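Single-structure report; data block below.
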């Protein structure tokens, strides 16, 4: 939380949004502390988006194929002032690329139909060059997080599984930089996640 507050993130995507016994989620607690809007689903492997801009609309991106008990992507439309921003967060299932191919094809087709500017963020469970990644890039998305480096496992990451992809649709979108965060443990020695977070600074 301290790192998110320090960088002043405008939008945050969360995967595996856990809940306390009273039902309150990690995303809701973070949103309260950071003074952000929150949009989340109720899936056990929950997805969430935190935003400083108001949420205009939100929906699950229903896929007509097996998602192996992982949640369907969460699509959130944000009022970013001069323009509306579409933000998608997802968590692709583990497994061989061939097993996940139908999920990725449907996701790529759906993402390709969304209105730009578009940010697609999440855990692909696939390294760069994997067909899972290439299928999404072929849908017109650009990997804005390539310079961030490896993200898994924390604190000594050896592979990059987490991405921020941009769909500009001919609009001017500049990538100022990309980095990872979440390397530091809390006073009790707990890391925020087994993955590092990815932060990307964009000019929209």
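The values are calculated or read from the model by the stated rules, or taken from the named source; none is laboratory data. Everything quoted here is computed from the prediction, not taken from an experiment. Cβ sites come from the backbone with ideal geometry, for glycine too, and all protein chains shown count toward neighbours.
Values computed for the structure shown
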{"read-out": "So residue 72, is it at negative phi, surrounded by fewer than 18 Cβ atoms within 10 Å (Cβ to Cβ) and either outside any strand (DSSP E or B) or modelled with pLDDT of 95 or more (or both)", "value": "no"}
{"read-out": "Members of region 52-69 that are surrounded by 15 or more Cβ atoms within 10 Å (Cβ to Cβ) and under 19 Å from residue 123 (Cα atoms)", "value": "61, 63, 67"}
{"read-out": "Sole exception among (1) over 28 Å from residue 82 (Cα atoms); (2) in contact with a strand residue (DSSP E or B) (Cβ under 8 Å, 6 or more places away or on another chain); (3) surrounded by 14 or more Cβ atoms within 10 Å (Cβ to Cβ) for residue 163, by number", "value": "(1)"}
{"read-out": "Filter result for the condition that a residue is on the phi < 0 side of the Ramachandran plot and touching a helix residue (DSSP H, G or I) at 6+ places or on another chain (Cβ under 9 Å), over 138, 145", "value": "138"}
{"read-out": "Identity of the residue in region 158-174, modelled with pLDDT of 95 or more, out of contact with any helix residue (DSSP H, G or I) (no Cβ under 9 Å at 6 or more places or on another chain) and assigned to a loop (DSSP other than H, G, I, E, B), that ends up nearest to residue 195 (Cα to Cα)", "value": "161"}
{"read-out": "Options 177, 197; residue that is surrounded by 11 or more Cβ atoms within 10 Å (Cβ to Cβ), touching a residue at least 40 places away in the same chain (Cβ under 8 Å), within 20 Å of residue 128 (Cβ to Cβ) and touching a helix residue (DSSP H, G or I) at 6+ places or on another chain (Cβ under 9 Å)", "value": "197"}
